[in-house]
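See structure below.
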Ligand SMILES: [Zn+2]
């Protein structure tokens, strides 16, 4: 018999459940990515009338990002990611602890409790504030070796891919990436929790440090560390700025998806491009656009996965805006800053002979709303304007254990 839409809705519990739960969640953070960064990337990569993959997601809204910090009005990545991961506003520097320093339950833990696999992929240190808030609790974001220890002892994400090898190894043990490299002599192993790479291997992780090893890696648990600190060198233009990760974000994300996809109960995957924040701090427009291109390529990977796995909620947003960025006409008389905040460009517009200029008002974060776009089950909840804690409220419902 033919089941009409009305009959289906009333007769089958699974369809009702499908609207409130998803098997998988892919949450993508363009760190520091506000509306102007998205618009600059749209012009540069898609053209005057073009649309980015991240902007093709059906649901769209805005998030406010204010922290609960006695000294700051503008959030950092730690307080913002804590809001996402726990639903609680806290102070800058806090990794999923409340304003009094008490640990809070995280979405990473909740996903595990629901029987799902979990993973994090970033071009920052894998223990940097944004991924850390989903998988660790500490009063101070700089305790990255403690965060790594908690990954292995407590939260146990199945896939950990990114930078930050320095925090997994004790002083004097350089690892796959040498101490004091020419591109940044301040880098070097500095962990105080023992050799956590050996510990991860004993716990069943396949450990890799190159693109080739990552490609060949098999198994359910994967630790890939591809740099000492961030997977790039963030500086103003022409001052040693380099964006050439050992493995690009899209490749890491593809590997994470094929690894996590093996769990019948689904997965929670956190993905982050960090260059979008760090190069905005350096007011480096060219490298910002390069990072946006990598993020866009990664969103395309996620969308391809979603196309064949529709039971997946995909969310793309930013934790805060960085740089007070504006997209402007090319006009040397309209200049808001000097030194590193001087105007940047002109930059090409895809499919056009026209160009645009980027202008910066700060080398720090700002408090403007960040855009959020989403597709899949419950994605319509993201329409409208909400505090960033609202991300937690939606994802917590999506990741609730199925009955
Ligand atoms: Zn930042």
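No value in this document is a laboratory result; all are computed from the given coordinates. Since the model is a prediction, treat every value here as computed from it, not as a measurement. Note: ideal-geometry Cβ built from the backbone for every residue, glycine included; neighbour counts use all protein chains shown.
Rg of the Cα atoms in the stretch 314-380, relative to 2.2 N^0.38 Å, amounts to 1.43.
When only alpha carbons are used to place a centre, the stretch 352-371 and the stretch 126-158 end up 31 Å from one another. Within the stretch 25-398, DSSP assigns beta bridges of which about 35% are antiparallel (rounded to the nearest 5). For the stretch 52-186, the spread of Cα coordinates along the three principal axes comes to 45, 37, 33 Å, biggest extent given first. Each semi-axis of the equivalent ellipsoid for the stretch 20-80 is √(5λ) with λ an eigenvalue of the Cα gyration tensor; in descending order they amount to 26, 19, 9 Å. Each Cα pair under 8 Å and six or more residues apart adds its sequence gap; the mean of these over the residue count of the chain is a relative contact order of 29 percent. Kirkwood's formula applied to the C-alpha pairs of the stretch 280-403 gives a hydrodynamic radius of 17.1 angstrom.
Comparing 264, 303, 381 in a Gaussian network model of the chain (Cα springs below 10 Å), the most mobile by mean-square fluctuation is 264. In the chain, helical runs assigned H by DSSP with n ≥ 4 each contribute -39500 (n - 2.57); averaged across all residues and rounded to the nearest 500, the mean residue ellipticity at 222 nm is -8500 deg cm²/dmol.
Structure remark: mean-square fluctuation, Gaussian network model of the chain, C-alpha springs under 10 Å; the largest value among 337, 119, 224 belongs to 337. In this simple spin-label approximation, residue 348 and residue 213 carry label points 7 Å from Cα along the Cα→Cβ vector, and these lie 3.6 nm apart. Relative protection proxy for 237-249, 272-284, from highest mean packing down: 272-284, 237-249 (other beta-carbon atoms within 10 angstrom). When the chain is treated as a GNM, springs tying every alpha-carbon pair under 10 Å, which of 87, 115, 164 comes out with the largest mean-square fluctuation? Most flexible of the set in this elastic network: 115. With the highest mean first, a sort of the peptides 305-315, 366-376 on other beta-carbon atoms found within 10 angstrom per residue produces 366-376, 305-315. Length available on full extension from residue 99 to residue 265: 0.36 nm per residue minus the Cα-Cα distance, which gives 56.4 nm. Most tightly packed first, judged by the mean number of other beta-carbon atoms within 10 Å of their residues, the peptides 325-334, 44-53, 150-159 read 150-159, 44-53, 325-334. With the alpha-carbon atoms of the stretch 249-353 aligned to their principal axes, the span from lowest to highest coordinate is 59, 29, 20 Å, starting with the largest.
Which value in Å is the Kirkwood Rh of the chain over different Cα pairs? When all Cα pairs of the chain are included, the Kirkwood radius is 21.4 Å.
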